[in-house]
Amino acid sequence: MRPHRIPPQILRLILLTLAIVGVYSVARYFLTPASFGRYGWYRAAALGEIAAYPPDYAGKAACAQCHKDKAEQIAKGPHKALSCESCHGPGMAHVGNPDVKLVKPAAPLCLRCHEANPSRPEWLKQVTLADHYGENCLECHVPHQPNEAP
Ligand code: HEC
Ligand code: HEC
Ligand code: HEC
Ligand code: HEC
């Protein structure tokens, strides 16, 4: 019987496979971020990085500290569930320094939520501009209490 020999084409395939696995392992070692895998399949350091962003939104409770009247007014009407900042924009800078003005939004804001659109839920009251009373919503609706006459 002849001695056992690996045929040369199989040897080449084995060497090629070893080379690919080797390059992959080296690349993986150098390219994997340090904190990857500490908690799971993500970079653990990303949590701290995201938490370190300065917040843009202050939340309703912060607004109510200085605008108690507005907070009380809105709590009585159908807009009670809305955040102040969904209409006035991010307010953290204004909370820190009221000289930084917040927007007093104009009428088109209302259509952002109330313009008739079949993809909206039915519980949200919707108007078709052409069938409603006109585009200057604020003439007839108080934004903080939209069912009351101004
Ligand atoms: C530290 C107190 C303070 C806090 C907190 C505060 N405001 Fe104000 N805000 C003021 C003062 C003072 C003015 C200017 C006087 C005024 O117009 O009543 C003002 C004015 C405004 C105006 C009118 C801007 C204009 O052009 O006339 C809006 C709108 C407003 N604030 C919304 C908010 C919202 C929304 C929040 C929460 C994110 C908030 N404020 C938090 C003190 C505060
Ligand atoms: C549905 C959108 C909406 C929400 C929610 C809302 N606002 Fe307003 N707010 C407006 C509009 C629109 C104006 C401008 C009214 C105008 O020009 O007559 C305004 C005006 C103001 C003003 C200026 C003073 C005034 O009466 O003109 C202040 C202060 C204010 N809002 C504070 C708040 C606070 C505080 C909250 C949360 C408790 C809040 N708003 C929630 C739409 C909103
Ligand atoms: C961020 C979304 C949003 C914006 C912006 C907004 N609304 Fe609303 N509005 C709501 C929600 C949510 C309700 C409560 C559900 C309902 O009654 O449709 C509501 C309720 C209402 C109602 C009461 C409907 C009823 O009889 O029950 C009126 C009127 C109204 N809004 C008018 C306005 C006007 C005018 C503006 C602009 C100043 C405005 N809304 C801006 C979300 C919004
Ligand atoms: C000339 C006055 C006037 C103007 C301008 C006006 N509305 Fe109204 N709106 C009313 C009255 C009155 C009602 C009471 C119910 C009715 O007649 O439809 C109402 C009802 C609503 C309702 C509740 C609808 C429902 O199905 O119960 C919404 C939402 C609304 N308006 C949003 C708006 C928006 C958004 C604008 C601006 C594009 C606007 N309105 C402009 C007078 C007005």
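The values are calculated or read from the model by the stated rules, or taken from the named source; none is laboratory data. Everything quoted here is computed from the prediction, not taken from an experiment. Positions of Cβ are generated from backbone atoms using ideal geometry, with glycine treated the same way; all protein chains shown enter the neighbour counts. Quick note on the areas: whole protein, heavy atoms, side chains included, nothing else; ligands and nucleic acids left out. Shrake-Rupley method; radii C 1.70, N 1.55, O 1.52, S 1.80 Å.
Any aspartates and glutamates with Cα under 17 Å of the Lys125 Cα? List them, leaving off those in the same chain fewer than 8 positions away.
Within the straight-line limit of under 17 Å, Lys125 reaches these aspartates and glutamates: Glu115, Glu135, Glu148.
Excluding Leu109 itself, calculate the net charge of residues whose Cβ lies under 12 Å from the Cβ of Leu109, where each Lys or Arg counts +1 and each Asp or Glu counts -1.
0
List the GluC sites (Glu not before Pro) within region 86-150 that fall in a DSSP loop (any state other than H, G, I, E or B) and whose Cβ has at most 15 other Cβ atoms within 10 Å.
Within region 86-150, the qualifying GluC sites (Glu not before Pro) (loop, at most 15 other Cβ atoms within 10 Å) are Glu122, Glu135, Glu148.
Spin-label point model (7 Å from Cα, Cβ direction): what's the His88 to Arg112 distance in nm?
In this crude spin-label approximation the distance works out to 1.4 nm.
For the pair Leu15/Val100, report the inter-label distance in nm, with labels modelled 7 Å from Cα in the Cβ direction.
If labels sit at Leu15 and Val100, their model points lie 6.5 nm apart.
Once Rh is set to the Kirkwood radius over Cα pairs, what Stokes-Einstein translational diffusion coefficient, in µm²/s, holds for region 8-51 at a temperature of 25 °C and a viscosity of 0.890 mPa s?
So the translational diffusion coefficient is about 192 µm²/s.
Between Ala61 and Cys140, what length in nm is gained on full extension when 0.36 nm per residue of separation is reduced by their alpha carbon distance?
Numbers: separation 79, 0.36 × 79 = 28.44 nm, distance 2.79 nm.
Here the answer is 25.6 nm.
Taking the 0 to 90 degree range and rounding to the nearest ten, how far is the long axis of helix 8-31 tilted relative to the main principal axis of the chain, both from C-alpha atoms?
In the chain, helix 8-31 runs at an angle near 40 degrees to the longest axis.
Given the C-alpha centroids of region 125-139 and region 47-116, what is the distance between them in whole angstrom?
So the two Cα centres are separated by 23 Å.
Provide the per residue accessible area, probe 1.4 Å, for the chain, rounded to a whole number of square angstrom.
Ligands and nucleic acids excluded, the result is 84 Å² per residue.
Bin width 10 Å, origin at 0, all Cα-Cα pairs of the chain: what percent of pairs per bin?
With a bin width of 10 Å, the distribution comes to 8, 22, 18, 13, 11, 9, 8, 6, 4, 2, 0.
Between Ala27 and Ser119, 0.36 nm times their residue separation minus their Cα-Cα distance comes to what? Kindly include the intermediate steps, with their values, before the conclusion.
Working: separation 92, 0.36 × 92 = 33.12 nm, distance 4.77 nm.
Fully extending the segment from Ala27 to Ser119 adds 28.4 nm.
What longest range of the chain stays clear of loop-exposed chymotrypsin sites (Phe, Trp or Tyr not before Pro) (DSSP non-H/G/I/E/B, at most 11 other C-beta within 10 angstrom)?
That would be 42-122.
Would you work out the charge dipole size for the chain about its Cα centre, treating the Cβ of every Lys and Arg as +1 and the Cβ of every Asp and Glu as -1, and quote it to the nearest 20 debye? Spell out each step's value before the answer.
Values: 16 positive and 12 negative charges, 282 e Å.
Charge dipole of the chain: 1360 debye, to the nearest 20.
Before rounding to the nearest 500, sum -39500 (n - 2.57) across all DSSP H runs of length at least 4 in the chain and divide by the residue total; then give [θ] at 222 nm in deg cm²/dmol.
Calculated at 222 nm, the ellipticity per residue is -12000 deg cm²/dmol.
Name the residues whose placed amide hydrogens come within less than 5 Å of the amide hydrogen of Phe36, ignoring near sequence neighbours (fewer than 5 apart) on the same chain.
Ala44
Quantify, in whole percent, the carbon and sulfur part of the accessible surface of region 8-51 (1.4 Å probe; protein heavy atoms only). Numbers along the way, then the final one.
On the way: 2880 of 3960 Å².
The nonpolar share, carbon plus sulfur, comes to 73 percent.
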